[in-house]
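Quick notes on the structure that follows.
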Amino acid sequence: MALVTITDDNFEEEVLKSDKPVLIDFWATWCGPCRIIAPIVEEMAAEYEDKAKIGKLDVDSNQQTSIKYGVRSIPTLLLFKDGELKETIIGAVPKAHLVDKLESVL
């Protein structure tokens, strides 16, 4: 499985120091729209395994990172490249929208 679990503890290593672009899904188990977008995020993790890193961060367990990046509503997806935040995508958006954003940094 290509999906990476991102936490407060591994965020710097997995995201900021990554040699590939990283798309992170900020989610929670109780969030309905998060469940809608989850299969899309998982599909993309498999499809982009060689080109990008795709991960999920549980906001309830990892509040430091959520607060640092101002994640107030979920799902929120953040796209990083070379340790910099490039895009913020809020809400359960269509897969095509996520693919466009990811392709723009590849």
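Suppose we filter Ala38, Ala2 for residues that are hydrophobic (A, V, I, L, M, F, W, C) and modelled with pLDDT under 95; which single one remains?
Among Ala38, Ala2, only Ala2 is hydrophobic (A, V, I, L, M, F, W, C) and modelled with pLDDT under 95.
Picking from residues in the range 51-87 that are hydroxyl-bearing (Ser, Thr, Tyr) and surrounded by 14 or more Cβ atoms within 10 Å (Cβ to Cβ), the one that is nearest to Gly32 (Cα to Cα) is Thr76. With respect to the conditions (1) more than 14 Å from the chain's Cα centre (by Cα); (2) surrounded by 14 or more Cβ atoms within 10 Å (Cβ to Cβ); (3) closer than 17 Å to Lys68 by Cα, Asn10 falls short on a single one, namely (1). Applying the criterion of being part of a loop (DSSP other than H, G, I, E, B) and under 17 Å from Pro21 (Cβ atoms) to the residues of the range 50-64, the residue that is modelled with the lowest pLDDT is Asp50. Exactly one residue out of Phe26, Phe11, Phe80 is out of contact with any strand residue (DSSP E or B) (no Cβ under 7 Å at 6 or more places or on another chain) and modelled with pLDDT of 95 or more: that is Phe11.
Residue count for the range 65-99 satisfying the condition of being closer than 22 Å to Ala46 by Cα, in a helix (DSSP H, G or I) and touching a residue at least 40 places away in the same chain (Cβ under 8 Å): 3.
Residue by residue through the range 28-56, note down the ones that are within 9 Å of the chain's Cα centre (by Cα) and not small (Gly, Ala, Ser).
Val41, Lys53, Ile54, Lys56
Annotation note: Cβ proximity below 9 Å between a residue of the range 34-49 that is buried (at least 20 other Cβ atoms within 10 Å of the Cβ) and a residue that is of a type in the set (Ser, Thr, Tyr) (sequence gap 6+ or interchain) occurs for no pair.
The values are calculated or read from the model by the stated rules, or taken from the named source; none is laboratory data. Please read these numbers as outputs of a predicted model, since none were measured by experiment. Every residue, glycine as well, gets a Cβ built from its backbone with ideal geometry; the counts of neighbours run over all protein chains shown.
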